[in-house]
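The values are calculated or read from the model by the stated rules, or taken from the named source; none is laboratory data. Keep in mind the model is a prediction, meaning the values are calculated, not measured. Ideal geometry is used to build each Cβ from the backbone, glycine not excepted, and the neighbour counts take in all protein chains shown. Side chains included, ligands, DNA and RNA excluded: accessible areas come from the protein's heavy atoms. Shrake-Rupley method; radii C 1.70, N 1.55, O 1.52, S 1.80 Å.
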Amino acid sequence: MAESLITAPSGAGKAERYALLLPQLRSLVEGESDLIANIANVMAALRESMAFFWVGVYFVKGEELVLGPFQGPLACTRIAYGKGVCGLAWKEGRSVLVPDVEAFPGHIACSALSKSELVVPVIVGERVVMVLDVDSDQLNDFDERDASALQQVAVLLGELMEKPKAC
Ligand code: SME
(Lines give C-alpha, C1' and ligand atoms only; values in the text may rest on other atoms or scores of the structure.)
Protein backbone atom coordinates (compact mmCIF):
# COMPACT_ATOMS: atom_id res chain seq x y z
CA MET A 1 0.00 0.00 0.00
CA ALA A 2 1.21 3.52 -0.77
CA GLU A 3 1.88 5.28 2.51
CA SER A 4 0.50 8.65 1.57
CA LEU A 5 -1.70 10.41 -0.91
CA ILE A 6 -0.39 13.26 -3.02
CA THR A 7 -3.14 15.83 -3.47
CA ALA A 8 -3.32 18.81 -5.82
CA PRO A 9 -2.67 22.29 -4.39
CA SER A 10 -5.71 24.18 -3.18
CA GLY A 11 -7.24 26.07 -6.09
CA ALA A 12 -6.44 23.23 -8.52
CA GLY A 13 -9.22 22.36 -10.94
CA LYS A 14 -11.16 19.13 -11.21
CA ALA A 15 -9.14 17.80 -14.16
CA GLU A 16 -5.84 18.31 -12.32
CA ARG A 17 -7.20 16.69 -9.16
CA TYR A 18 -8.44 13.58 -10.98
CA ALA A 19 -5.21 13.35 -13.02
CA LEU A 20 -3.21 13.21 -9.80
CA LEU A 21 -5.61 10.92 -7.95
CA LEU A 22 -6.49 8.17 -10.41
CA PRO A 23 -3.03 6.64 -10.90
CA GLN A 24 -2.50 6.59 -7.12
CA LEU A 25 -5.58 4.49 -6.42
CA ARG A 26 -4.04 1.32 -7.83
CA SER A 27 -0.92 1.61 -5.69
CA LEU A 28 -3.14 2.37 -2.70
CA VAL A 29 -4.79 -1.07 -2.93
CA GLU A 30 -1.72 -3.02 -4.07
CA GLY A 31 -0.57 -5.62 -1.56
CA GLU A 32 -3.85 -5.71 0.39
CA SER A 33 -6.47 -8.29 -0.56
CA ASP A 34 -9.21 -7.41 1.93
CA LEU A 35 -12.13 -5.93 0.01
CA ILE A 36 -13.55 -3.66 2.71
CA ALA A 37 -10.13 -2.30 3.73
CA ASN A 38 -9.34 -1.42 0.11
CA ILE A 39 -12.71 0.16 -0.64
CA ALA A 40 -12.52 2.17 2.59
CA ASN A 41 -9.17 3.64 1.56
CA VAL A 42 -10.36 4.36 -1.98
CA MET A 43 -13.34 6.30 -0.53
CA ALA A 44 -11.02 8.24 1.80
CA ALA A 45 -8.70 9.08 -1.10
CA LEU A 46 -11.66 10.30 -3.19
CA ARG A 47 -12.93 12.43 -0.33
CA GLU A 48 -9.50 13.88 0.41
CA SER A 49 -8.62 14.64 -3.22
CA MET A 50 -11.97 15.82 -4.51
CA ALA A 51 -13.53 17.26 -1.32
CA PHE A 52 -16.85 15.51 -2.04
CA PHE A 53 -19.63 16.25 0.44
CA TRP A 54 -20.38 12.50 0.52
CA VAL A 55 -18.76 9.58 -1.28
CA GLY A 56 -19.41 5.91 -0.74
CA VAL A 57 -20.59 2.60 -2.10
CA TYR A 58 -23.68 0.46 -1.78
CA PHE A 59 -23.38 -3.31 -2.33
CA VAL A 60 -26.04 -5.27 -4.19
CA LYS A 61 -27.37 -7.80 -1.66
CA GLY A 62 -30.45 -9.70 -2.83
CA GLU A 63 -33.18 -7.22 -3.73
CA GLU A 64 -31.52 -4.29 -1.97
CA LEU A 65 -28.49 -2.07 -1.95
CA VAL A 66 -26.72 -2.09 1.41
CA LEU A 67 -24.41 0.68 2.58
CA GLY A 68 -20.67 -0.01 2.39
CA PRO A 69 -17.58 2.09 3.16
CA PHE A 70 -18.22 5.84 2.84
CA GLN A 71 -16.96 9.27 3.86
CA GLY A 72 -19.32 12.03 4.92
CA PRO A 73 -22.52 12.41 6.92
CA LEU A 74 -24.56 9.38 8.07
CA ALA A 75 -26.42 7.72 5.21
CA CYS A 76 -29.44 5.50 4.54
CA THR A 77 -28.39 1.88 5.04
CA ARG A 78 -30.72 0.13 2.56
CA ILE A 79 -32.18 1.10 -0.81
CA ALA A 80 -34.68 -1.09 -2.68
CA TYR A 81 -34.14 -2.18 -6.30
CA GLY A 82 -34.99 0.64 -8.70
CA LYS A 83 -35.51 3.22 -5.95
CA GLY A 84 -33.77 6.60 -5.79
CA VAL A 85 -30.78 7.58 -7.89
CA CYS A 86 -28.75 4.60 -6.66
CA GLY A 87 -31.52 2.11 -7.37
CA LEU A 88 -31.98 3.50 -10.88
CA ALA A 89 -28.25 3.22 -11.65
CA TRP A 90 -28.42 -0.40 -10.43
CA LYS A 91 -31.60 -1.25 -12.37
CA GLU A 92 -30.46 0.32 -15.63
CA GLY A 93 -26.75 -0.50 -15.30
CA ARG A 94 -25.73 3.03 -16.22
CA SER A 95 -24.39 6.18 -14.62
CA VAL A 96 -27.05 8.64 -13.45
CA LEU A 97 -26.12 12.32 -13.14
CA VAL A 98 -28.59 14.48 -11.21
CA PRO A 99 -27.87 18.24 -11.34
CA ASP A 100 -30.70 19.06 -8.91
CA VAL A 101 -31.88 16.31 -6.58
CA GLU A 102 -35.18 18.10 -5.90
CA ALA A 103 -36.04 17.78 -9.58
CA PHE A 104 -35.41 14.00 -9.56
CA PRO A 105 -38.62 12.08 -8.80
CA GLY A 106 -38.02 9.54 -6.03
CA HIS A 107 -34.69 10.94 -4.89
CA ILE A 108 -33.81 9.53 -1.46
CA ALA A 109 -32.59 12.37 0.76
CA CYS A 110 -30.10 10.91 3.23
CA SER A 111 -28.96 14.46 3.98
CA ALA A 112 -31.04 17.59 3.50
CA LEU A 113 -27.82 19.36 2.47
CA SER A 114 -27.29 17.21 -0.62
CA LYS A 115 -28.11 19.20 -3.79
CA SER A 116 -26.63 17.25 -6.71
CA GLU A 117 -25.54 13.66 -7.17
CA LEU A 118 -23.78 11.21 -9.48
CA VAL A 119 -24.10 7.43 -9.23
CA VAL A 120 -21.92 5.02 -11.23
CA PRO A 121 -22.61 1.28 -11.31
CA VAL A 122 -19.82 -1.22 -10.73
CA ILE A 123 -20.30 -4.05 -13.21
CA VAL A 124 -18.64 -7.47 -12.96
CA GLY A 125 -19.36 -9.72 -15.91
CA GLU A 126 -22.80 -8.45 -16.85
CA ARG A 127 -24.05 -7.92 -13.31
CA VAL A 128 -24.16 -4.74 -11.26
CA VAL A 129 -22.50 -5.71 -7.96
CA MET A 130 -22.18 -2.31 -6.32
CA VAL A 131 -22.83 1.38 -7.00
CA LEU A 132 -20.45 4.27 -6.35
CA ASP A 133 -22.33 7.36 -5.17
CA VAL A 134 -21.10 10.95 -4.82
CA ASP A 135 -23.15 13.83 -3.44
CA SER A 136 -22.52 17.56 -3.43
CA ASP A 137 -23.97 20.31 -1.30
CA GLN A 138 -23.88 22.52 -4.43
CA LEU A 139 -26.37 22.44 -7.30
CA ASN A 140 -25.09 21.17 -10.67
CA ASP A 141 -21.70 20.25 -9.26
CA PHE A 142 -20.97 17.16 -11.39
CA ASP A 143 -20.29 16.84 -15.10
CA GLU A 144 -18.95 14.44 -17.71
CA ARG A 145 -15.42 14.74 -16.28
CA ASP A 146 -16.68 13.36 -12.98
CA ALA A 147 -18.66 10.62 -14.73
CA SER A 148 -15.64 9.58 -16.79
CA ALA A 149 -13.21 9.63 -13.83
CA LEU A 150 -15.61 7.80 -11.52
CA GLN A 151 -16.23 5.17 -14.20
CA GLN A 152 -12.49 4.47 -14.03
CA VAL A 153 -12.78 4.14 -10.25
CA ALA A 154 -15.74 1.78 -10.78
CA VAL A 155 -13.55 -0.45 -12.99
CA LEU A 156 -11.01 -0.66 -10.15
CA LEU A 157 -13.76 -1.45 -7.62
CA GLY A 158 -15.00 -4.22 -9.92
CA GLU A 159 -11.51 -5.70 -10.02
CA LEU A 160 -11.33 -5.56 -6.21
CA MET A 161 -14.63 -7.48 -6.01
CA GLU A 162 -13.09 -10.24 -8.07
CA LYS A 163 -9.93 -10.48 -5.93
CA PRO A 164 -9.96 -13.19 -3.23
CA LYS A 165 -10.53 -11.90 0.30
CA ALA A 166 -7.77 -12.17 2.88
CA CYS A 167 -10.19 -12.48 5.77
N1 SME B 1 -29.61 9.99 -2.70
C2 SME B 1 -29.44 8.57 -2.92
C3 SME B 1 -29.40 7.82 -1.63
C4 SME B 1 -28.03 7.60 -1.09
S5 SME B 1 -27.36 8.96 -0.39
O6 SME B 1 -27.29 10.08 -1.29
C7 SME B 1 -25.93 8.67 0.34
C8 SME B 1 -30.52 8.05 -3.82
O9 SME B 1 -31.46 8.76 -4.17
O10 SME B 1 -30.45 6.88 -4.20
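Taken about its Cα centre, the chain carries a charge dipole of about 240 debye when Lys and Arg each add +1 at the Cβ and Asp and Glu each add -1 at the Cβ. For GluC sites (Glu not before Pro), the sites in the range 22-106 that DSSP calls loop and that have at most 14 other Cβ atoms within 10 Å are Glu30, Glu32, Glu63. Name the residue from Tyr81, Val55, Ala149 whose Cα lies farthest towards the positive end of the charge dipole of the range 14-162, charges +1 on Cβ of Lys and Arg and -1 on Cβ of Asp and Glu. Of the candidates, Tyr81 comes out farthest on the positive side. The Rg/Rh ratio of the range 14-162, with both radii computed over alpha carbons and Rh defined as the Kirkwood radius, is 0.93.
Each of Arg94, Arg17 has its accessible area taken with a 1.4 Å probe; listed largest first, they run Arg94, Arg17.
Each residue was assigned an accessible area with a 1.4 Å probe, and for Cys76 the value is about 30 Å².
Working from Cα pairs under 8 Å separated by at least six residues, relative contact order for the chain is 21 percent.
Projecting label points 7 angstrom from Cα along Cα→Cβ for Gln71 and Ala109 puts them 2.6 nm apart.
With a cut-off of at most 16 other beta carbons within 10 Å, and DSSP calling the residue loop, which chymotrypsin sites (Phe, Trp or Tyr not before Pro) in the range 77-157 qualify? Please list them. Filter output for the range 77-157: Tyr81.
Within a straight-line Cα-Cα reach of under 22 Å, Lys14 can be paired with the following lysines, leaving aside sequence neighbours fewer than 8 residues apart in one chain: Lys115. Here each label is just a point 7 Å from Cα along the line to Cβ, and for Asn140 and Ala19 those points are 2.6 nm apart. Under 27 Å of direct C-alpha separation, and excluding same-chain neighbours fewer than eight residues apart, Lys163 reaches these lysines: Lys61, Lys91.
With a simple spin-label model that places each label point 7 Å from the Cα along the Cα-to-Cβ direction, the separation between Ala51 and Glu126 comes to 4.4 nm.
Taking a ≥ b ≥ c as the square roots of the eigenvalues of the Cα gyration tensor of the range 119-167, is the shape rounded (a/c under 1.5), prolate (a/b larger than b/c) or oblate? Walk me through the numbers before you get to the answer.
On the way: a/c = 2.73, a/b = 2.21, b/c = 1.23.
Prolate shape, in that a/c is at least 1.5 and a/b is the bigger ratio.
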